[in-house]
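Note sheet for the following structure.
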Amino acid sequence: MTRPPTSRDLARLAGVSQATVSRVLTNNPKVNPETRARVLQVLKDANYTPNALARAMKTGRTDTIGVFMTRVTSPFHAELLDEIGRVLSSMGLHMILWNIEHDPEETVAAVLQQRLVDGFVLTSATYDSKLHTMALASGTPTVLLHRGIDGLDCDQVVGDNWQGAYDAGRYLVDAGHTDIGLVTLRATGNTSRDRDAGFRAALADAGVKLKPSNVITVGVPHADGHAAAEKLLSRKKPPTAIYTITDLLAFGILDGARAIGAHVPDDVWVIGFDNTDMAAWESFDLTSVEQPVHAIVETGIDLLRDRIADPDRPTQIVTLPCPLAIRGSTANRPLSAAKD
């Protein structure tokens, strides 16, 4: 079996020193353009791939970003992960994914201290998690995407969850709904908190009372949305609209409504949050508040690269708009009609 060429072999073929080959591999600007071209041609002819570990030892960079995520099988997190991978690849960067849902804290702490990557992307920050503080304490550049933490001195890029939820509430009220259900989650971070609070504020500002009996706090799974729909819609006088703070729960609500013979949107309107690809499927046709996933990821990775290049620059927190995508689960009623 033929061994792969070393930098010494390449230097001999190009007629240059081994140090010159190293400078070409690290994009050192001091290399003469003609020499660089000759070395690059030799690299191409030899089908040479530099050893990543050796390059990292020389440059201090791995060109790899560590991504921490939970619930990677949920529709939203799967789309978020796919977008992170696409954006990193387009920038010539690699990704290592850690699914922290089942990893013990000591395992995560060890990973954070090993300096395996140039930066961290955290997508699942919660109030009771130590992950974000451990990441920052490790000294590795870090950015929070999708979920933010108030008062944390760390770059963060999030959707405007409060405003998106507020707009969803006003949309229902402007369409004439006054008996409205809310299927929510216990607030473990800014995202769930703001998606709940913004919706409540919209109803309060419109003078619509949210009945305590119409508020159901559930877990994350589709089955919880299914059970919440059965509970709300089996009443003698069920709500005429239901808002929930994730698409996954909304899919459960739609399926739960079907299971008991309630028709969407004739009997009840349903609004979710995230506007995942599945929301547009004909079987769901779900009105949903959109999370601007591409903009969140692209902005976040740009901030992370800036942080890697300049560790001492001021922290930036970016909030992006979350518009309402209207579909059949609210009778395809446009915003303009709802305001008439």
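Within the range 51-69, identify whether any single residue is more than 35 Å from the chain's Cα centre (by Cα) and either modelled with pLDDT under 75 or in the same structural domain as residue 220 (by TED's automatic domain parsing) (or both), and answer yes or no.
No; the residues of the range 51-69 include none that is more than 35 Å from the chain's Cα centre (by Cα) and either modelled with pLDDT under 75 or in the same structural domain as residue 220 (by TED's automatic domain parsing) (or both).
Within the range 36-49, residues that are within 11 Å of residue 10 (Cβ to Cβ) and among the hydroxyl-bearing types (Ser, Thr, Tyr) reach partners that are modelled with pLDDT under 85 and part of a loop (DSSP other than H, G, I, E, B) with beta carbons closer than 8 Å, at six or more positions or on different chains, in the pairs 48/4; 48/5. Annotation note: Cβ proximity below 8 Å between a residue of the range 214-238 that is without any contact (Cβ under 8 Å) to a residue 60 or more places away in the chain and in the same structural domain as residue 188 (by TED's automatic domain parsing) and a residue that is outside any strand (DSSP E or B) and among the basic types (Lys, Arg) (sequence gap 6+ or interchain) occurs for 216/231; 217/186.
Hey, any hits in the range 194-203 for a residue that's at pLDDT below 95 and in contact with a strand residue (DSSP E or B) (Cβ under 6 Å, 6 or more places away or on another chain)? Full working, then the answer.
Keep residues of the range 194-203 that are at pLDDT below 95, which gives none.
No, every residue in the range 194-203 fails to be at pLDDT below 95 and in contact with a strand residue (DSSP E or B) (Cβ under 6 Å, 6 or more places away or on another chain).
Restricting attention to the range 256-307, and to residues there that are touching a Phe, Trp or Tyr at 6+ places or on another chain (Cβ under 9 Å) and of a type in the set (Asp, Glu), which single residue is surrounded by the fewest Cβ atoms within 10 Å (Cβ to Cβ)? Per the stated criteria, the residue is 290. Of 81, 88, 43, all but one fail to be outside the structural domain of residue 311 (by TED's automatic domain parsing), modelled with pLDDT of 80 or more and surrounded by 17 or more Cβ atoms within 10 Å (Cβ to Cβ); the exception is 43. Among the residues of the range 112-133, those that are out of contact with any strand residue (DSSP E or B) (no Cβ under 9 Å at 6 or more places or on another chain) and not in a loop (DSSP other than H, G, I, E, B) comprise 113, 133. Among the criteria (1) within 22 Å of residue 326 (Cα to Cα); (2) assigned to a helix (DSSP H, G or I); (3) without any contact (Cβ under 8 Å) to a residue 60 or more places away in the chain, the one residue 136 does not fulfil is (1).
Every residue, every condition in (1) in contact with a Cys (Cβ under 8 Å, 6 or more places away or on another chain); (2) outside the structural domain of residue 254 (by TED's automatic domain parsing); (3) among the hydrophobic types (A, V, I, L, M, F, W, C), yes or no:
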| position | (1), (2), (3) |
| --- | --- |
| 285 | no, no, no |
| 296 | no, yes, yes |
| 299 | no, yes, no |
| 307 | no, yes, no |
| 329 | no, no, no |
| 332 | no, no, no |
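Close contacts from the range 166-179, counting a first residue that is in the same structural domain as residue 210 (by TED's automatic domain parsing) and of a type in the set (D, E, K, R) and a second that is modelled with pLDDT of 95 or more and outside any helix (DSSP H, G or I), with Cβ to Cβ under 7 Å and a gap of 6+ residues or different chains, come to 167/324; 170/206; 179/239; 179/240.
Just one of (1) of a type outside the set (S, T, N, Q); (2) within 24 Å of the chain's Cα centre (by Cα); (3) farther than 25 Å from residue 129 by Cβ trips up residue 141, so point out which. It is condition (3) that residue 141 fails.
The set of residues from the range 131-157 being surrounded by fewer than 24 Cβ atoms within 10 Å (Cβ to Cβ), out of contact with any helix residue (DSSP H, G or I) (no Cβ under 7 Å at 6 or more places or on another chain) and under 20 Å from residue 70 (Cα atoms) comprises 132, 133, 136. The residue list 126, 133, 142 contains one member that is at pLDDT 90 or above and hydroxyl-bearing (Ser, Thr, Tyr), which is 142. Listed by first and then second residue, the pairs with beta-carbon distance under 6 Å, at least 6 apart or on different chains, first residue in the range 322-340 and buried (at least 17 other Cβ atoms within 10 Å of the Cβ) and at pLDDT 95 or above, second in a helix (DSSP H, G or I) and acidic (Asp, Glu), are 324/167.
The values are calculated or read from the model by the stated rules, or taken from the named source; none is laboratory data. Values in this document were obtained by computation on a predicted structure and should not be read as measured data. Cβ coordinates were reconstructed from backbone atoms using ideal geometry, including for glycine residues, and neighbour counts include every protein chain displayed.
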